[in-house]
Structures are given as structure tokens and as C-alpha cells.
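Everything below concerns the one structure shown next.
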Amino acid sequence: MNHRWYGFLGAACLVLACGVATAIVLTFNGSPASAAPTKSQYFARVAAICRAYGPRLDKVPPPIDITIPSEITASVTKVEPILREESAAVRRLTPPRELRKQLARWNKLNAESISQLAVALKAAKNIDLRGIQVAYVTFVVTGAKAQKLGHAIGFPSPPC
């Protein structure tokens, strides 16, 4: 599946979609939140959630030009809530015991990355071109760090 936002926004969308997938599957499976899944169970849930969120992200076209405030506003206004929802779901998960430290760092990077979308949106509304660019670049760089850590943890690439 080709996710335009994943390619355009970098790793943050991809990694977050994976993590939220885990939350959805846990909810639908009725698995107790306190029971730590195995790595294989965790990654299977990640793939399922990615398949659930990918189509939602695909419906939001990325901005063609990040220097045009109206394009940032139109795209980020739609995609940011989806990514925040995913991030919150991931943070609620009980990860495999052996991955907890790495996943805590991964979740932190995701949250940092997504927070930059809010900064870019605010800058776009204020027609602050420099602010848009700085926030967007920070979003992409932080997302790339999350993706690198995700690969080290064992997330498949791409997860869908």
C-alpha cells in the first residue's frame, strides 16, 4: 500500500501508524492491557493497526509546497488529529517487556515529531514562512530518528 503522507512526511507517520495499529488490535481482541504481548504478537498487532490507519492517512493529500501557508493549513488540520490519536493509543499499550525502554524512547520521538505539526500549523495561520519551514524540518528530522529506532526495535519496513 502506498501512503502518500508516509512518503511526504517521513518516518513519523509510518511509525505512528504501526504503533496505533497495536492499540486497535488490543481493543478488538479484548486482550488485557496489563498482559505483555510477545514480540511477534506485538508486531502482528502493529501491522493490523497500520492497515486500519493507512487508508485514513491516504485520504489526506500532503501539501505540495510547504512554503504556501494555505496548503499546510489544509493538510495538517486533517492529518494531525489522526496522528495524535495514533500516538495516544500507542502510549496506552503495554509493550513486550524486553522492548519497553526502546518503545518509550520511540513514543517520545513520535510525540515530539507530531508536536511540530501543531507548530507548523500555527506558523501557517500567522503566515510565518520561516516558522513553517523550521517546524516542518524538525518534524521530518525527528520522524527519521523515530523510524531509525523503529527499525532497531524490529518494526517491519514498511509495516503494511
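The values are calculated or read from the model by the stated rules, or taken from the named source; none is laboratory data. Keep in mind it's a predicted model, so treat the numbers as computed, not measured. Here the Cβ is made from the backbone with ideal geometry for all residues, glycine too, and neighbour counts use every protein chain on show.
Conditions: (1) surrounded by fewer than 22 Cβ atoms within 10 Å (Cβ to Cβ); (2) in contact (Cβ under 8 Å) with a residue 60 or more places away in the chain; (3) of a type in the set (A, V, I, L, M, F, W, C); (4) closer than 30 Å to SER40 by Cβ. ALA152 meets all but one. Number of the miss?
Only one criterion in (1) surrounded by fewer than 22 Cβ atoms within 10 Å (Cβ to Cβ); (2) in contact (Cβ under 8 Å) with a residue 60 or more places away in the chain; (3) of a type in the set (A, V, I, L, M, F, W, C); (4) closer than 30 Å to SER40 by Cβ is unmet by ALA152, namely (2).
Does segment 76-83 contain any residue that is touching a helix residue (DSSP H, G or I) at 6+ places or on another chain (Cβ under 9 Å), surrounded by fewer than 17 Cβ atoms within 10 Å (Cβ to Cβ), among the polar types (S, T, N, Q) and without any contact (Cβ under 8 Å) to a residue 60 or more places away in the chain? Spell out how you get there, then give the answer.
The initial filter retains those residues of segment 76-83 that are touching a helix residue (DSSP H, G or I) at 6+ places or on another chain (Cβ under 9 Å), namely 76-77, 79-80, 82-83.
Next, only the ones that are surrounded by fewer than 17 Cβ atoms within 10 Å (Cβ to Cβ) stay: 77.
From what is left, the residues that are among the polar types (S, T, N, Q) are 77.
Adding the requirement that they be without any contact (Cβ under 8 Å) to a residue 60 or more places away in the chain leaves 77.
Yes, segment 76-83 contains at least one residue that is touching a helix residue (DSSP H, G or I) at 6+ places or on another chain (Cβ under 9 Å), surrounded by fewer than 17 Cβ atoms within 10 Å (Cβ to Cβ), among the polar types (S, T, N, Q) and without any contact (Cβ under 8 Å) to a residue 60 or more places away in the chain.
Of all residues in segment 57-79 being closer than 19 Å to ALA118 by Cβ and charged (D, E, K, R), which is modelled with the highest pLDDT? So that I can check it myself, show each step before the final result.
Initially, segment 57-79 is screened for residues closer than 19 Å to ALA118 by Cβ, giving 57, 60, 62-63, 66-79.
Next, from what is left, pick out any that are charged (D, E, K, R): 71, 78.
On the way: GLU71: 90, LYS78: 94.
Checked segment 57-79; the qualifying residue modelled with the highest pLDDT is LYS78.
What is the one condition in (1) at pLDDT below 85; (2) under 18 Å from ALA146 (Cα atoms) that LEU26 does not satisfy?
Single failed check for LEU26: (2).
Yes or no: segment 128-144 includes at least one residue that is farther than 30 Å from PRO37 by Cα, of a type in the set (Lys, Arg) and touching a Pro at 6+ places or on another chain (Cβ under 9 Å).
For segment 128-144, residues farther than 30 Å from PRO37 by Cα, of a type in the set (Lys, Arg) and touching a Pro at 6+ places or on another chain (Cβ under 9 Å): absent.
Hey, can you tell me all the residues within segment 88-130 that are among the small types (Gly, Ala, Ser) and within 14 Å of THR77 (Cα to Cα)? If you could, list the steps in order and put the result at the bottom.
Applying the first criterion (among the small types (Gly, Ala, Ser)) to segment 88-130 yields 88-89, 104, 111, 113, 115, 118, 120, 123-124.
Correct list: SER115, ALA118, ALA120, ALA123, ALA124.
Going through SER115, SER40, SER70 one at a time, which residue ends up being surrounded by fewer than 19 Cβ atoms within 10 Å (Cβ to Cβ), of a type in the set (S, T, N, Q) and closer than 17 Å to GLY143 by Cβ? I'd like the intermediate steps shown before the answer.
Details: SER40 fails: closer than 17 Å to GLY143 by Cβ; SER70 fails: closer than 17 Å to GLY143 by Cβ.
Exactly one residue qualifies, and that residue is SER115.
If a residue must be within 20 Å of THR77 (Cα to Cα) and aliphatic (A, V, I, L, M), how many such residues does segment 131-160 contain?
Qualifying residue count for the region: 5.
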